[in-house]
């Protein structure tokens, strides 16, 4: 039997469904995550509905970085409705909307089993991302925001002092993702540590951000001068020292040798590979060697 379905924009009334369907995948989002993402306007979100019941059966999110490059993420369909064209239609709808907005390059991270779907939609491979995981001991140190770093030279960034990160990140990432970074700083459990050269704190060397989910502590973006690998290690050590969760995850390009070497030194284990894919022109690559970890598989 052919499945009849339609696709519409996401609304705040869909937050409970978004949490439920992503919980089924173990992604650990909260109501606050989806509500903040919607209110901050970081991109468009879509819901697939079965017809004529209007029962929600799938979703997709986009993250638009200044109408230059955009990321597609959170592509998920309820298990009983898979392999019926729902995911394909969601992606096509998202790409069409992004094209209308002038986006030249659309990127995403694909699990290995989903790669054929995206290739049929003219996405091409750009490399492999490794997801690294570290399991901490059962007894975690109490987090102190007064002295959180283990290094007096690191600065904790909050919503009032985040402006300097935007220009630095834009040059490294290749596009403006200030809305996403601002939403991460303001979200629950979100921390951002930065390293500056000198006492004036004008020359930013690197920064790292974290997000504490329901089940795990996620690290990224992690951006640093590759010539300052000691700073990159200092940043991630500061980040993981703040985790209240046993499971910590970091996703990094496997060709980034400094990043993978630091993770191996800190006893992270690679648990999954995903493929970075692109549809459209090969633009807005930034400085890949500076990107020690992605901001999240759903948002680049």
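Just so you know, all these numbers are worked out from the coordinates, no wet-lab data involved. Only a predicted model underlies this, so the values are computations on that prediction, with no experimental measurement involved. Heads up, the Cβs are rebuilt from the backbone with ideal geometry, glycines too, and the neighbour counts pull from every protein chain shown.
Some points to look at:
- A full extension of the chain between residue 55 and residue 273 corresponds to an added length of 75.2 nm, given 0.36 nm per residue minus the alpha carbon distance.
- Helical runs assigned H by DSSP (4 residues or longer) give the chain a calculated mean residue ellipticity at 222 nm of -8000 deg cm²/dmol, each run adding -39500 (n - 2.57) before division by the residue total.
- Annotation: the residues 75, 219, sorted from fewest to most other C-beta atoms within 10 Å of their own C-beta, follow the order 75, 219.
- Each part gets one Cα centre, and for region 33-70 versus region 212-247 those centres are 28 Å apart.
- Counting other Cβ atoms within 10 Å as a rough exposure proxy, the listed residues 283, 165 run 283, 165 from fewest neighbours to most.
- Separation of the residue 100 and residue 32 label points, Cα + 7 Å toward Cβ, nm: 3.3 nm
- Note on residue 227 and residue 203: the model spin-label points, each 7 Å out from Cα along the C-beta direction, lie 0.9 nm apart.
- Within the listed set 116, 226, 52, the Gaussian network model of the chain (springs between alpha-carbon atoms below 10 Å) gives the highest mean-square fluctuation for 52.
- Overall form of region 17-59 per C-alpha gyration tensor (a/c, 1.5; a/b vs b/c): oblate
- Three-way shape label, region 5-103, alpha-carbon gyration tensor, a/c 1.5: oblate
- Taking the longest Cα principal axis of the chain as reference, the axis of helix 229-240 is set at about 70 degrees.
- Cβ-to-Cβ counts within 10 Å put 16, 44 in ascending order as 16, 44, the fewest first.
- Extension gain, residue 20 back to residue 113 (0.36 nm per residue minus Cα-Cα distance, nm): 31.2 nm
- Max mean-square fluctuation residue, GNM over the chain, Cα-Cα springs under 10 Å, options 114, 48, 94: 114
- Among 252, 260, 271: highest mean-square fluctuation, GNM of the chain, C-alpha pairs under 10 Å: 271
- Region 184-300 shape via C-alpha gyration tensor axes, a/c threshold 1.5: rounded
- For volume of the Cα convex hull per residue in Å³, the value calculated from this model appears in [x] 129; [y] 162; [z] 146 under label [x].
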